[in-house]
Amino acid sequence: MSTGKLAIRTVYFSMLGNILLAGIKFLAGIFGNSFALIADGIESLVDVFSSILVLFGLKYAQRPADDNHPYGHGKAEALITFMVVGFLIVSAATIAFQAIKNIQNPHPTPEYWTLGILGAIILWKEISYQIVLSRSKKLHSSSLKAEAWHHRSDAITSVAAFIGILIAVIGGEGFEVADDYAALFASGFILYNCYLIFRPALGEVMDENNYEELTAEIRKIASKVPGIKGTEKCYIRKAGMKYHVDLHASVDGDLSVKKGHDIAHNLKDTLKLELPELGHILIHIEPF
């Protein structure tokens, strides 16, 4: 399966799971007197819309390079990630506003059976997080990483809701607001995750060169290519699921232009073969 198809299948997996969980959370929150669960449902619903954005971004980012976009359309993925973060901020603000409102106007104690539902949700969300995160690492996708953190933040907010409902159920009258404080905590955690998702995507758009491990791997591979005496500058930019590389390689200064050109092509082909995640590779030849 191609990396693009695997990424899209992963988003469909997240989307279907979030649709199902949003319905369960809303129903359990309404009938179980738990705003923390309703808040959790709001986040899952927002996750559905963000998954649609991620899906659109992944499909657009896979478009081949053209005259206007010689490096491809991969940057669209980071831009979609910004929009996803915007959705998360709105959902966090909505949850916080309603939680503060409920704290000022106490509601009935949540039903104890909502704890069982939350336990199952927490387990499913953590499993989903691990699945999507592993695929985001495999595919080097910032938007899939954002999708994974949606699952993790959902799991954490569910844990907060679980604790809040547990306190409310055990404490009884006077402890109803524990459920709302849990929702308030959840909104703060969502905002924190927004930063964790936003920062790498911003670095991608700004072409930050902070890929030390990949740089070391490129130099290591280059050193084994016949005719390459060494490497100097190595600049890496990320666009979607691909890394574009500008590499300065040294060869014997007495070689002909054609021979140096052939060595550069061999180096480029070797890097492509060894590191499939690389996209556009520019080799600049210098005399050793």
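The values are calculated or read from the model by the stated rules, or taken from the named source; none is laboratory data. Since the structure is predicted, the reported quantities are computational estimates derived from the model, not experimental observations. Here Cβ is always computed from backbone atoms with ideal geometry, including for glycine, and neighbour counts include all displayed protein chains. Accessible surface is based on the protein model in full, side chains and every heavy atom, while ligands, DNA and RNA are left aside. Shrake-Rupley method; radii C 1.70, N 1.55, O 1.52, S 1.80 Å.
Just check the range 123-253 against the gyration tensor rule for me: Cα atoms, a ≥ b ≥ c as the square roots of the eigenvalues, rounded for a/c under 1.5, and otherwise prolate or oblate depending on whether a/b exceeds b/c.
Working: a/c = 4.88, a/b = 3.52, b/c = 1.39.
Prolate, because a/c is 1.5 or more and a/b exceeds b/c.
Rounded to the nearest angstrom and ordered from largest down, what semi-axes does the equivalent ellipsoid of the chain get from its C-alpha gyration tensor (root of 5λ)?
Details: eigenvalues 501, 50, 44 Å².
Over the Cα atoms of the chain, the semi-axes work out to 50, 16, 15 Å.
Quick check: at a probe of 1.4 Å, how many percent of the accessible area of the range 205-288 sits on carbon and sulfur atoms? Working shown, then result.
On the way: 2630 of 4840 Å².
The C+S portion of the solvent-accessible surface of the range 205-288 is 54 percent.
What does the charge dipole of the range 131-288 about its Cα centre add up to, to the nearest 20 debye, if the Cβ of each Lys and Arg holds +1 and the Cβ of each Asp and Glu holds -1? Write down the numbers at each step before the final one.
Working: 18 positive and 21 negative charges, 155 e Å.
Once rounded to the nearest 20, the dipole reads 740 debye.
If packing is taken as the average number of other Cβ atoms within 10 Å across a peptide's residues, how do 173-180, 147-154, 126-133 rank, most packed first?
147-154, 173-180, 126-133
State the answer as a single residue: which of Leu6, Ala160, Ala39 lies farthest towards the positive end of the charge dipole of the chain, with beta carbon charges of +1 for Lys and Arg and -1 for Asp and Glu, about the Cα centre.
Looking along the dipole axis, the top candidate is Leu6.
Determine the shape class of the range 180-288: with a ≥ b ≥ c the square roots of the Cα gyration tensor eigenvalues, call it rounded for a/c under 1.5, and otherwise prolate if a/b is greater than b/c, oblate otherwise.
Numbers: a/c = 3.98, a/b = 3.72, b/c = 1.07.
In terms of gyration-tensor shape, prolate.
Check each of the trypsin sites (Lys or Arg not before Pro) in the range 176-243 and keep only those in coil by DSSP with at most 16 other C-beta atoms within 10 angstrom; list them in order. Walk me through the numbers before you get to the answer.
Working: sites: Arg219, Lys220, Lys224, Lys229, Lys233, Arg237, Lys238, Lys242; in loops: Lys224, Lys229.
The qualifying sites are Lys224, Lys229.
So which helices of the chain fit the span-like rule, where a helix is a whole DSSP H run, its Cα atoms reach 24 Å or more along the axis, and its mean Kyte-Doolittle is at least 0.0?
Working: long enough: 3-31 (42 Å, 1.24); 35-61 (38 Å, 1.48); 75-104 (45 Å, 1.31); 114-139 (37 Å, 0.70); 142-171 (43 Å, 0.82); 178-205 (41 Å, 0.81); 257-274 (26 Å, -0.84).
Helices meeting the criterion: 3-31, 35-61, 75-104, 114-139, 142-171, 178-205.
Can you tell me what share of the DSSP beta bridges in the chain is antiparallel? A percent to the nearest 5 is fine. Could you put the intermediate results ahead of the total?
Working: 8 of 16 bridges.
In the chain, DSSP labels about 50 percent of beta bridges as antiparallel.
With the chain treated as a Gaussian network of Cα nodes joined by springs under 10 Å, which of Leu202, Leu115, Leu214 yields the largest mean-square fluctuation?
Sorting by GNM fluctuation, first place goes to Leu214.
Hey, can you find the accessible area per residue of the range 100-145 for me, probe 1.4 Å, expressed in square angstrom? All intermediate terms of the calculation are to be shown ahead of the outcome.
Working: 2470 Å² over 46 residues.
Per residue, the range 100-145 has an accessible area of 54 Å².
Using a Gaussian network model on the chain with a 10 Å cutoff between Cα atoms, which of Gly74, Gly41, Gly119 fluctuates the most?
Among Gly74, Gly41, Gly119, the largest mean-square fluctuation in the Gaussian network model of the chain belongs to Gly119.
Of the heavy-atom accessible surface of the range 29-178 (probe 1.4 angstrom), what whole percent is carbon and sulfur?
Numbers: 4680 of 6790 Å².
On the range 29-178, the fraction of accessible area on carbon and sulfur atoms equals 69 percent.
Under a point-charge model restricted to the Cβ atoms of Lys and Arg (+1) and Asp and Glu (-1), what is the dipole moment magnitude of the range 1-158 relative to its Cα centre, in debye to the nearest 20?
Working: 13 positive and 10 negative charges, 79 e Å.
With Lys and Arg at +1 and Asp and Glu at -1, about 380 debye.
Please work out, to two decimal places, the log10 of the ratio I(q)/I(0) at q = 0.14, 0.19, 0.23 Å⁻¹ from a Debye calculation in which every Cα of the range 35-91 carries one identical scatterer.
Values returned for q = 0.14, 0.19, 0.23 Å⁻¹ are -0.46, -0.67, -0.83.
May I ask for the net charge around Thr114, where only other residues with Cβ less than 11 Å from the Cβ of Thr114 are counted and Lys, Arg are +1 while Asp, Glu are -1? Provide the component values of the computation, followed by the final result.
Details: positive: Lys25; negative: Asp40, Glu111, Asp179.
Charge balance in the 11 Å sphere: -2.
Of the candidates Ser134, Ser223, Ser50, which one comes out as most mobile in a Gaussian network treatment of the chain with C-alpha springs shorter than 10 Å?
Ser223
Quick check on the chain: helices-only [θ] at 222 nm, where DSSP H runs of length 4 and up contribute -39,500 (n - 2.57) each and the sum goes over total residues. Nearest 500, please. Please report the intermediate quantities before stating the final value.
Working: 8 runs with 200 residues, N = 288.
Mean residue ellipticity at 222 nm (helix-derived): -24500 deg cm²/dmol.
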